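This report concerns only the one structure given below.
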């Protein structure tokens, strides 16, 4: 049986292994997800808007408001 190395998340303090987070960044899986959500860049927002509204629908809404 192989010993598992445990790390401590630098954001929340939770213990995690190699498969449950990023040991290089010292972030557990949950905090990695939060970081991804908070880190959306403008291009990602534009892609999401196009998927949600469609390109034409969004332009019409912007013009109306």
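The values are calculated or read from the model by the stated rules, or taken from the named source; none is laboratory data. Bear in mind the structure is a predicted one, so any value in this text is a computation, not a measurement. A quick note on method: Cβ atoms are made from the backbone with ideal geometry, for glycine too, and the neighbour counts reach across all protein chains shown.
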Go through the stretch 20-34 and give me each residue that's loosely packed, with under 13 Cβ neighbours inside 10 Å and modelled with pLDDT under 90.
33
Pairs, please: C-beta under 9 Å, at least 6 apart or cross-chain, first residue in contact (Cβ under 8 Å) with a residue 60 or more places away in the chain and in the stretch 19-35, second outside any strand (DSSP E or B) and surrounded by fewer than 16 Cβ atoms within 10 Å (Cβ to Cβ)?
none
